[in-house]
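The structure under discussion appears below in the form of structure tokens.
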Amino acid sequence: QVQLVESGGGLVQPGGSLRLSCAASGRTFDGAAMGWFRQAPGKKREFVVAINWISGSTYYADSVKGRFTISRDNAKDTVYLQMNSLKPEDTAVYYCAADQHLDGSSWHAFGGIDYWGQGTQVTVSS
């Protein structure tokens with residue numbers, strides 16, 4: 001049983017930056033990976049990024065490579081998403097996610113994710 005609490009969303013101008021946080025609670029996370037998906041109005045939920053919890057290996061959607069950076073603090077069961085050079089097309093609700101067994105390399109397939117955060121709105125607009 002893992003609960004995910006995320007924060008850090010908001011309104012920023014194109015080219016701006018935002019930092020999201022997601023903390024796992026209930027017990028120390030010992031699963032495979034954590035990361036984020038996002039969903040814009042009228043669109044399917046899409047994979048953004050994942051990080052393998054133990055190894056720290058990272059996996060990014062092509063759309064965010066070079067702009068977003070994921071990191072984690074294992075002692076705090078917390079993952080962070082630094083988002084730079086934000087574009088209007090990044091506007092979406094961002095959902096933190098965690099999976100007990102699914103390696104981050106497979107998250108792009110968007111199947112069988114165990115836990116979801118409540119979502120935080122990111123709006124990139126002039």
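Once you charge only the Cβ atoms, +1 for Lys and Arg and -1 for Asp and Glu, what is the size of the charge dipole of the chain about its Cα centre, to the nearest 20 debye?
Result for the chain is approximately 300 debye, rounded to the nearest 20.
I need the calculated FRET efficiency for the pair residue 39 and residue 73, taking r as the beta carbon distance and R₀ as 35 Å, to the nearest 0.05.
So the FRET efficiency works out to roughly 0.85.
Kindly state, as a whole number, the per residue volume in cubic angstrom of the convex hull around the alpha carbon atoms of region 35-87. Kindly include the intermediate steps, with their values, before the conclusion.
Working: hull volume 4.5 nm³, N = 53.
So the per-residue Cα hull volume is 84 Å³.
For the chain, treating each Cα as an identical point scatterer without solvent, what Debye log10 I(q)/I(0) comes out at q = 0.10, 0.11, 0.18 1/Å?
-0.26, -0.32, -0.88
Taking a spot 7 Å from the Cα of residue 85 along the direction of its beta carbon, which residues of region 110-126 have an amide N less than 18 Å from it?
Counting backbone N atoms under 18 Å from the label point, the list is 124-125.
Every number in this text was worked out from the coordinates using simple rules, so none of it is lab data. These numbers come from a predicted model, not from an experiment. We place every Cβ from the backbone using ideal geometry, glycine too, and count neighbours over all the protein chains shown.
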